Number of protein chains: 2
Amino acid sequence: MSYTAPIKDMLFVMKELAGLEDIATLPGFEDANLDTAQAVLGESAKLCGEVLAPLNVEGDRNPSSWRDGVVTATPGFKEAFRQFSEGGWQGVQHPLDYEGQGLPKLLATPCIEMLNASNLSFALCPLLTDGAIEALLTAGSEAQKQTYVPKLISGEWTGTMNLTEPQAGSDLALVRTRAEPQGDGSFKLFGTKIFITWGEHDMAKNIAHLVLARTPNAPEGVKGISLFIVPKFLVNEDGSLGERNDVHCVSIEHKLGIKASPTAVLQFGDHGGAIGHLIGEENRGLEYMFIMMNAARFAVGMQGVGISDRAYQKAVAYAKDRVQSRPVDGSAKQSVAIIQHPDVRRMLATMRGLTEASRALAYVAAAHCDIAHRHPDEAQRAGHQALYEFLVPIVKGWSTELSIDVTSLGVQVHGGMGFIEETGAAQYYRDARILPIYEGTTAIQANDLIGRKTVRDGGKVAKSLLADVAATVEALGSQQGPAFESMKKYLAQGQRSLSAAVDFVVANTKGDPNAVFAGSVPYLKLAGIVLGGWQMARALLVAAQKRDEDPSFYGAKIATAQFYAEHVLPQASALEASIVSAKGGESVLALSEDQF
Amino acid sequence: MSYTAPIKDMLFVMKELAGLEDIATLPGFEDANLDTAQAVLGESAKLCGEVLAPLNVEGDRNPSSWRDGVVTATPGFKEAFRQFSEGGWQGVQHPLDYEGQGLPKLLATPCIEMLNASNLSFALCPLLTDGAIEALLTAGSEAQKQTYVPKLISGEWTGTMNLTEPQAGSDLALVRTRAEPQGDGSFKLFGTKIFITWGEHDMAKNIAHLVLARTPNAPEGVKGISLFIVPKFLVNEDGSLGERNDVHCVSIEHKLGIKASPTAVLQFGDHGGAIGHLIGEENRGLEYMFIMMNAARFAVGMQGVGISDRAYQKAVAYAKDRVQSRPVDGSAKQSVAIIQHPDVRRMLATMRGLTEASRALAYVAAAHCDIAHRHPDEAQRAGHQALYEFLVPIVKGWSTELSIDVTSLGVQVHGGMGFIEETGAAQYYRDARILPIYEGTTAIQANDLIGRKTVRDGGKVAKSLLADVAATVEALGSQQGPAFESMKKYLAQGQRSLSAAVDFVVANTKGDPNAVFAGSVPYLKLAGIVLGGWQMARALLVAAQKRDEDPSFYGAKIATAQFYAEHVLPQASALEASIVSAKGGESVLALSEDQF
């Protein structure tokens, strides 16, 4: 059940594909060089491998539990959270001004991957706290920032995001929680929030709930939603804790996976009103939430990468150990380790290829985010921000969708043992299943990718990425060998498929939205496969050049790129057909509701 | 959590695609006409919908339990099993001579689908009993048949298959259980068997364990394995029960799904030896098992179809009920039922299309099995037997692999609620995960499809099926309209892809087995997608002709066929690329063991 952070692979991606050295030239990131990265990743790997990974099974067998409104985290989690906090891990990417470490997102991202690979349930608490910190930094007053952010970074307090209500999931227009002004600048909140991750627990002294609610006379729909901060314990002016606020956990959910992460139903205001304060301006809550959500969605994408890598590591270990059947080529007369069987190889290579491609794409996105924040030139900042925002729904949607396939293959590699809970492979399969759902389902990501990210600028960002892919295809052409030949062929095909899909989306979203949105998720997957393949091609180019320096490591990069080219990229044309068929979405929509 | 058997769809497939009326002309099947089928399916649907389906959740929440060697089935199961047995459902397809109903497999198959859709855990007990009956009918002595088969059919006793041991899963050559002759025709068995489905329980008076074991001096490997029958209670000459035999359940597994089905570890001979009798001849156990296994594998394929349909029904009900978000085309200003959103439609249509295609392919296979058993002409029998045997690994492998995707989509349609166990969608996702593993993993099915079913006859059967597909493509060409155009285009492409794969497999299995077996599972999936698509095309031809008789029903068949053509069949070319790439399996095998 162990987890070894793939530091060498991570550093390869950071340095060779995401441009760590360029990031370290940005103002304020001067210390974020390769040495720093190595040191930080090494320490993170230690904490994740030694402290958090061993608690992962415990969390599944002994989930966080509710009693009389009090939630007790899985045994061991509180102490682990103390170590996590004392190590400063919550603050890696947050500003020095609020006692964070001020490191680039590119450097925080592998730490987040490790955290999630080692213990998805545990990692959700810092993930949501990061969300609360982002929201406060985005829209909070200076006083709110000073009061909350250092405590959230130190781990004394944690944060939550309260969006969902029973009738309002993907559709936040339906939020009904009320916030009534008290005349003293404060509000009293009334309502029920569900699916609140780490909404109640005993790992920290206080919990800062960020809550979407409506003020009286607010406009209907999404334009009448405001963002409030509602602490579990009220905060005195000196920062000390005051009375218990009127927000209570009335139950936690019994879930398929991530069982150690308590998913709370929170009742606001059943005993007179939960005291909260507005963050930013009234009725702009959803807007702030969207800024924050890019970070949260990116982080959930990293959960997909992390759990995929964990499942891969476990499957490899089993496949090397389990002896069963003779080789199909007759090369041995005895039964051999199953990793020697071609189909097991195919499964492991699929798991590996998808994990590496999704990791690379995410790290590249993180680098765009860093440049968008720190580059001295405004046009550069805007350009990289647009690239980051284009990639976020793909990182979120694609990395999580593929984590289901990867963890499922992980079970399959284990054969019958995979279905036995003691083995542990099934936990990854169960845990992963939430990832394409929360923080916006894959369909929500795909709608975002189409509407805000592709159509709004007339496909400009999409086409600039396609031009970059085409340039990589060009560069591949000057190289010899089967890996290059396959990559060139299938990446070029993939580039053409994605181009066709972008053109179709740009041309038809306004006139025939049903036809376009019928292919929204295939469009997102196509973008993931092709842009992930692009990163594999870039890795191939680097690896071929450096091969002699470390033949095993770079040879594996070459082989994995070839595998991805021959076994993953060909799916692009099938997805293109689904999106850009002659009839658009006709067959998706042909059945009437009654005919289902 | 209800289940309504799709009788109309089932009868459509039986009549229009699988040739029920031709089956009813075979000797002994004269009564198996459409009226009989309607009556039988109606009764089966009643039992499954009213008695078994409501127990499905109960089985998940309150699994069968072990205590001191005794396994108690989930509350309600014993009574349900009594009703199942009294209704004669165990005997539907078994011979009249042994108190079965002697009906065609084509008629038994929808009953088996319903049973599995309503309650996968429950259905496993009859499934394994069917296996034991098949084995006895195949290789048992007349006395053994008379002693056991009627009791198994009546439900007084149940049956199990004991193959797996801790070191011997897919690789039965490694079986170590010993059988020592006692000189009186009986044997004493010693060993441990694991993963024995319904290996111990309280629903029947006795359990007939069929056990693979080695006699002294048996050859090593698969040629030294014999088949024994080892009853839980010894059977006296008059058929009454005698002493408790020395086979004991020492534990049951804690599993990801199918929790009501006890998966036993059985210890044979710890107290002096478990008394058993040889079935058939010594050292021919595996051969008998293979004959029996076709039936069991086919049945597991039906489990895939059944659970897919159940997940589909649940997702449709939720999608019609759950109101969330406005339509993307602006056709309403209010939030609407999510079934109106194109991506939800796409998910439901995918679930529906895959379920219908896999059902149709399985029923067609069942009809081949019936003809193979009953046709008066020997050549006809042999030809249909070969077709049936070709289709069995596809029905098993493809229907179960797709059931993972379908049940996963079922969770996704439910959004956050899908991840909550109370909702019920997650159970299907967990339950389905065993299907591509037991009764031979998908890789084992794929090896069988390649080795015994494609290469052994030089691709003859495969090519005869491909010719039939081509004839259907021809027939589509004479018709007008978008469904026909799409189906013609993509089925023709699929036919070419499968042809190319068959040629590759036939040409290279001997010379370059690693290259072929690296694409074994993609080959199986390709065959499933194309042959399933062929059935959808045949359905389309019938539906177009009959459309005016029942516009809603046949219109849905046409729309579903078009959807399958445009969204499923295009995957064929991607699979072809995986199988028949220029480099064969090179990239699958390029990484050394150390590089993983």
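Values quoted throughout were computed directly from the atomic coordinates according to the rules given, and no laboratory measurement underlies them. Predicted, not measured: the structure shown is a model, and the values here were computed from it. When we count neighbours, we look across all protein chains shown, and the Cβ atoms used for this are built from the backbone with ideal geometry, even at glycine.
Measuring from centroid to centroid over Cα atoms, what is the spacing of the range A:33-93 and the range B:27-53 in Å?
The range A:33-93 and the range B:27-53 have Cα centres separated by 57 Å.
Treating only the Cβ of Lys, Arg, Asp and Glu as charged (+1, +1, -1, -1), what charge dipole size does the range B:449-585 show about its Cα centre? Round to the nearest 20 debye.
The calculation lands at about 420 debye.
Distance between the C-alpha centers of the range B:394-473 and the range A:310-376? Whole Å please.
Taking the Cα centre of the range A:310-376 as reference, the centre of the range B:394-473 is 23 Å away.
Nearest 5 is fine: what % of DSSP beta bridges in the protein assembly as shown come out antiparallel, could you say?
Taking every DSSP beta bridge within the protein assembly as shown, about 85 percent pair in antiparallel fashion.
May I ask which residue of B:Gly415, B:Leu391, B:Leu435 lies farthest towards the positive end of the charge dipole of the range B:313-465, with charges of +1 (Lys, Arg) and -1 (Asp, Glu) on Cβ and the Cα centre as origin?
Farthest towards the positive pole: B:Gly415.
Mind listing the phi-derived Karplus ³J(HN,Hα) values for the range B:43-57, rounded to whole Hz, using 6.51, -1.76 and 1.60 with θ = phi - 60°, and x for any glycine or proline?
Result, ordered by residue: 5, 4, 4, 5, 4, 5, x, 8, 9, 7, 4, x, 7, 5, 5 Hz.
Got the B:Asp184 label distances to the other copies yet, label 7 Å along Cα→Cβ, in nm, shortest first?
For B:Asp184, the inter-copy label distances come out at 9.2 nm.
Per residue of B:483-493, what is the mean number of Cβ atoms on other protein chains within 10 angstrom of that residue's Cβ?
Whole-number average of other-chain Cβ neighbours for B:483-493 is 2.
For the rotation taking chain A to chain B, which residue of A has the Cβ nearest the axis, and how many Å away is it?
A:Ala574, 2
Can you list the residues, at least 5 places off or on another chain, whose amide H is less than 5 Å from the amide H of B:Glu165, using H built in the peptide plane?
B:Ile194
Amide H of A:Lys259 versus every other amide H placed in the peptide plane: which residues, excluding those fewer than 5 positions away on the same chain, fall under 5 Å?
Distant-sequence amide H within range of A:Lys259: zero hits.
Exactly which trypsin sites (Lys or Arg not before Pro) in the range B:452-524 are in a DSSP loop and have at most 10 other Cβ atoms within 10 Å?
Loop-located and lightly packed - B:Lys510.
Just to confirm the numbers: B:Glu237, label point 7 angstrom along the Cα-Cβ line, distances to the other copies in nm, shortest first?
10.3
Lys/Arg Cβ at +1, Asp/Glu Cβ at -1, dipole of the range B:449-585 taken about the Cα centre: which of B:Pro551, B:Leu498, B:Ala518 is farthest positive-ward?
B:Ala518
Using a label point 7 angstrom from Cα along Cα-to-C-beta, what distances in nm, from shortest up, separate A:Val57 from the other copies?
Shortest to longest, the spacings are 3.3 nm.
Mind checking B:336-345 for the average number of partner chain beta-carbons within 10 Å of each residue's beta-carbon?
6
How large is the charge dipole for chain A, taken about the Cα centre, if only the Cβ atoms of Lys, Arg (+1) and Asp, Glu (-1) carry charge, to the nearest 20 debye?
Result for chain A is approximately 1400 debye, rounded to the nearest 20.
Using R₀ = 60 Å, calculate the FRET efficiency as 1/(1 + (r/R₀)^6) where r is the Cβ-Cβ separation of B:Val70 and A:Lys15; round to 0.05.
0.45
Note down the net charge around B:Cys249, summing +1 for each Lys or Arg and -1 for each Asp or Glu among other residues with Cβ under 13 Å from its Cβ.
Around B:Cys249, the charge tally is -2.
State, to one decimal in nm, how far the label point of A:Glu43 lies from the label point of B:Lys223, with both points 7 Å from Cα in the Cβ direction.
For the pair A:Glu43/B:Lys223, the computed spacing is 6.5 nm.
Would you please state which residues of the range A:503-544 a label at A:Asp22 would reach in this model, taking the label point 7 Å out along Cα→Cβ and a backbone N cut-off of under 15 Å?
Those under the cut-off are A:535, A:538-539.
Would you be so kind as to identify which of A:Ala296, A:His271, A:Ala260 lies farthest towards the positive end of the dipole of the range A:237-319, taking Lys and Arg as +1 and Asp and Glu as -1 on Cβ and the Cα centre as origin?
It is A:Ala260.
Once a ≥ b ≥ c are taken as the square roots of the eigenvalues of the Cα gyration tensor of the range A:419-545, is the result rounded (a/c under 1.5), prolate (a/b larger than b/c) or oblate (a/b not larger than b/c)?
oblate
Give, rounded to the nearest 20 debye, the magnitude of the charge dipole that the protein assembly as shown has about its Cα centre when Lys and Arg contribute +1 at Cβ and Asp and Glu contribute -1 at Cβ.
Roughly 1100 debye, rounded to the nearest 20.
So if we plug the beta-carbon distance of A:Glu86 and A:Glu281 into 1/(1 + (r/R0)^6) with R0 = 30 Å, what FRET efficiency do we get, rounded to 0.05?
The formula returns an efficiency of 0.25 here.
Can you give the longest run of chain B that contains no GluC sites (Glu not before Pro) sitting in a DSSP loop with at most 13 other Cβ atoms inside 10 Å?
The answer is B:282-596.
Between A:Asp202 and B:Asp97, what FRET efficiency comes out of the Förster formula 1/(1 + (r/R0)^6) with R0 = 51 Å and r the beta carbon distance, rounded to 0.05?
0.15
Averaged across the residues of A:566-574, what count of C-beta atoms belonging to other chains lies within 10 Å of each residue's C-beta?
Average per residue, whole number: 6.
Using the Karplus curve 6.51 cos²θ - 1.76 cosθ + 1.60 with θ = phi - 60°, what ³J(HN,Hα) values do you get for each residue of the range A:456-465, in whole Hz, with x for Gly and Pro?
Result, ordered by residue: 4, 9, x, x, 5, 5, 4, 6, 5, 5 Hz.
List the residues, sorted by chain then number, that are 5 or more residues from A:Val235 or on another chain and whose placed amide H is less than 5 Å from its amide H.
A:Gly242
What ranking of B:Val395, A:Val211 emerges when the number of other C-beta atoms within 10 Å of each C-beta is taken as an exposure proxy, fewest first?
A:Val211, B:Val395
For B:Leu234 paired with B:Lys460, estimate the spin-label separation in nm (one decimal), with each label point 7 Å from Cα along the Cα-to-Cβ line.
5.0
For the protein assembly as shown, what class follows from the C-alpha gyration tensor (a ≥ b ≥ c being the square roots of its eigenvalues): rounded when a/c is under 1.5, otherwise prolate if a/b is larger than b/c, else oblate?
prolate
What does the C-alpha gyration tensor say about the overall shape of the range B:203-262? Classify as rounded when a/c is under 1.5, otherwise prolate if a/b is larger than b/c, or oblate.
Because a/c hits 1.5 or more and a/b fails to exceed b/c, the range B:203-262 counts as oblate.
Which percent, to the nearest 5, of DSSP beta bridges fully inside chain B are antiparallel?
Among the beta bridges of chain B, antiparallel pairing accounts for roughly 85 percent.
Along the range B:190-205, what does the Karplus equation 6.51 cos²θ - 1.76 cosθ + 1.60 (θ = phi - 60°) give for ³J(HN,Hα), rounded to whole Hz, x for Gly and Pro?
Taking θ as phi minus 60°, the curve returns 9, x, 10, 10, 10, 6, 8, 5, 6, x, 7, 5, 10, 8, 9, 6 Hz for the range B:190-205.
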